[in-house]
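The values are calculated or read from the model by the stated rules, or taken from the named source; none is laboratory data. Nothing here was measured: the structure is a model prediction, and the numbers come from that model. Counting neighbours? That spans all protein chains shown, and the Cβs are built from the backbone with ideal geometry, glycine included. The area values use the complete protein model at the heavy-atom level, side chains included, leaving out ligands, DNA and RNA. Shrake-Rupley method; radii C 1.70, N 1.55, O 1.52, S 1.80 Å.
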Amino acid sequence: MNIHEYQAKELLAKFGVPVPAGHAAMSVDEAVEAAKQLPGPLWVVKAQIHAGGRGKGKFKELGPDAKGGVRLAKSVDEVRANAEEMLGKTLVTIQTGAEGKQVQRLYITDGVDIAKEFYLALLVDRATGRVAIVASTEGGMDIEQVAHDAPEKIHTITVDPATGLMPHHGRAVAAALGLSGDLAKQAANVTAKLYDAFLGTDASQIEINPLAITEDNKLMVLDAKVGFDSNAMFRHKDLAELRDLTEEDPMEIEASKYDLAYIKLDGDIGCMVNGAGLAMATMDIIKLNGAFPANFLDVGGGASKEKVTAAFKIILSDPAVKGILVNIFGGIMRCDTIAEGIVAAAREVDLDVPLVVRLEGTNVSQGKEILANSGLPIVAANDLGDAARKIVAQVKVAA
Ligand code: ADP
Ligand code: MG
C-alpha cells in the first residue's frame, strides 16, 4: 500500500525526520490558505499522485512548454495561479504510463534553498532478507539513470536484524554521501530516524529523493515515497486510513474485497488460477505459446463459488480479455466443487469469450463430467501445455 508525499512527510516528521513545513490542499482556496500559513518568501506547489518523476512530468491538457508537477512560487498569488492550473489536470510522468494520473490534491510547502541533492532509501532486500539502506550522492530527479549508467555511485548497506541499526551504519551512510563533521552527524541521525519509521510502520520502502543539503547546511527530506507491507496493515489501522482508492486500479480494489490476488496486465488472455506459483507458471506458458496474459489472478486455496464468480466478473470487466484460461489444482478443494463453481459462475456472468479449463487433483473425473454436462461451451484441457495451446488457438480464431 502506497501513500502520498504529504502523508509520508507528516508520518516521517512524527519520527523526528527533518521535513519542510507544508499543508495538503484539495482546492485552490485551500492551497491559498495553506500558503498563507507558511512564512515564504518561497513556496513549492506539488502535485500529489502516487508516482514519481512529477518535476519533469507534463500535463496532458497544457502545452509542452507548460511547467511540470513541482512548481516554485514567489508569492501567494503565484501559488494560487499554479494551483488553478494544476488541479484536475492529468499529469504524465515516467512512472504513470501514457494515460497519466489526475491531480486531485496538492501539497503546498516551504521552498528550500538547495546546495546539494542526495538519494537515500530503505527497503527490504529479499536476497539477504534484511533491511537495506541505499545511498547515493547523485540524488535529484534521475536516480534510475544513475543506476543504469553509474551503478558504482549507488551504495548499499544492509542491517542485521539481530543487532538493529548500529552507529557504524550511520557513519557508513555519511561516508557514502561524502559527508563529514556536523553534516555526517545529521546524516547518521536522519538514517536512524528513518530506520525507526521503517520498522515502526512495517514499511516495505522509504525512498527519499532528494535528501537535500540546504544553503545553511541542514539535511532536509524534500521528497518522500513510502510504501507499506499490506500484510501488516491489520496492525496499523491509522495508516490503512491513508489509502487513496482513486490512485488504485478499480479492478484491483474489487479483487481485494474478495481476497483475490489480482494484478492487471497488458495481454488478452484472462487467467484464473489457484496458487501464486501455478499462476506464474500459467502466465509463462501462455507467453511460450505466443500470447500474453491479461492478468495475474490467484483465487487462493479455498476457492469458493462466490470467489470464482467474483474472479470471473473481474476478468470479464476488462475489455481487453478475449479468452479465459482456468487452471485449478484441486488439493484441499475438490475438483467437482470447483467445476460446480465454474459452471454457476459462467452462467451468472453470461460468458461471451472462449473458456478453457484445466482441472487436476482430487475427484478430477467428476469435475470434468460436470463441465462436459453443463451445456456451456467450455473447452476441457488435459494438462497445462494442452490448456495454453487451446486457449491461444481459440483466441486467434476469434480474432
Ligand atoms: P519528483 O521526484 O516526483 O519529481 P520531487 O519532490 O523530488 O518530485 O521534486 C522535484 C525537484 O523539485 C526536487 O529534486 C527538488 O530539486 C525540487 N524541490 C522539491 N521540493 C522542494 C522544496 N520544498 N524546495 C525547493 N525545491 C524543491
Ligand atoms: Mg523526487
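A compact table of results
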item	result
Among residues of the range 322-359, those that are in a strand (DSSP E or B), modelled with pLDDT under 85 and of a type in the set (Lys, Arg), counted	0
Matching residues in the range 59-103 - criterion: being within 18 Å of the chain's Cα centre (by Cα) and either in a helix (DSSP H, G or I) or more than 14 Å from ligand 1 (Cβ to nearest atom) (or both)	GLY97, ALA98, GLU99, GLN102
Residue count, the range 114-148 (criterion: away from ligand 2 (no atom under 16 Å from the Cβ) and either assigned to a strand (DSSP E or B) or in contact with a strand residue (DSSP E or B) (Cβ under 6 Å, 6 or more places away or on another chain) (or both))	8
Hits in the range 94-125 - residues which are open to solvent by less than 60 Å² (accessible area, probe 1.4 Å), at pLDDT below 95 and farther than 17 Å from ASP244 by Cβ	GLY97, ASP125
Matching entry among LEU177, LEU194, LEU211, LEU183 (being without any contact (Cβ under 8 Å) to a residue 60 or more places away in the chain, closer than 17 Å to PHE118 by Cα and under 29 Å from the mean Cα position of the chain (by Cα))	LEU177
Wholly within the range 164-275, strands (runs of 3 or more DSSP E) carrying at least 1 residues that are farther than 30 Å from ILE338 by Cα and open to solvent by less than 20 Å² (accessible area, probe 1.4 Å)	203-214, 219-221, 224-228
Unmet criterion (only one of (1) under 23 Å from GLN145 (Cβ atoms); (2) out of contact with any helix residue (DSSP H, G or I) (no Cβ under 9 Å at 6 or more places or on another chain); (3) more than 16 Å from ligand 2 (Cβ to nearest atom)) for GLY57	(3)
Those residues of the range 33-44 which are more than 10 Å from ligand 1 (Cβ to nearest atom) and either at negative phi or under 21 Å from the mean Cα position of the chain (by Cα) (or both), in sequence order	GLU33, ALA34, ALA35, LYS36, GLN37, LEU38, PRO39, PRO41
Tally of residues being among the polar types (S, T, N, Q) and surrounded by fewer than 18 Cβ atoms within 10 Å (Cβ to Cβ) across the range 28-77	2
Subset of the range 15-27 that is of a type outside the set (A, V, I, L, M, F, W, C) and part of a strand (DSSP E or B) - its residue that is most open to solvent (accessible area, probe 1.4 Å)	HIS23
Residue among ASP298, ASP350 that is on the phi > 0 side of the Ramachandran plot, acidic (Asp, Glu) and assigned by TED's automatic domain parsing to the domain that holds ASN274	ASP350
Check on ASN295, over 26 Å from GLN366 (Cβ atoms), modelled with pLDDT of 90 or more and polar (S, T, N, Q)	yes
All positions within the range 63-108 that are small (Gly, Ala, Ser) and on the phi < 0 side of the Ramachandran plot	GLY63, ALA66, GLY68, GLY69, ALA73, SER75, ALA81, ALA83, ALA98
Tabulated pairs, the range 146-168, first without any contact (Cβ under 8 Å) to a residue 40 or more places away in the chain and on the phi < 0 side of the Ramachandran plot, second open to solvent by less than 90 Å² (accessible area, probe 1.4 Å) and among the basic types (Lys, Arg), C-beta under 7 angstrom, 6+ apart or interchain	VAL146/LYS153; THR158/ARG130; VAL159/ARG130; ASP160/ARG130; PRO161/ARG130
Matching residues, the range 312-321, being assigned to a loop (DSSP other than H, G, I, E, B) and either open to solvent by less than 50 Å² (accessible area, probe 1.4 Å) or hydrophobic (A, V, I, L, M, F, W, C) (or both)	ASP318, ALA320, VAL321
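Results for (1) of a type in the set (A, V, I, L, M); (2) in contact with a Lys or Arg (Cβ under 8 Å, 6 or more places away or on another chain), shown as yes or no for each residue.
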| residue | (1), (2) |
| --- | --- |
| HIS168 | no, no |
| LEU183 | yes, no |
| ALA187 | yes, no |
| LEU199 | yes, no |
| ALA203 | yes, no |
| ASN209 | no, yes |
| ASP223 | no, no |
| THR246 | no, no |
| MET251 | yes, yes |
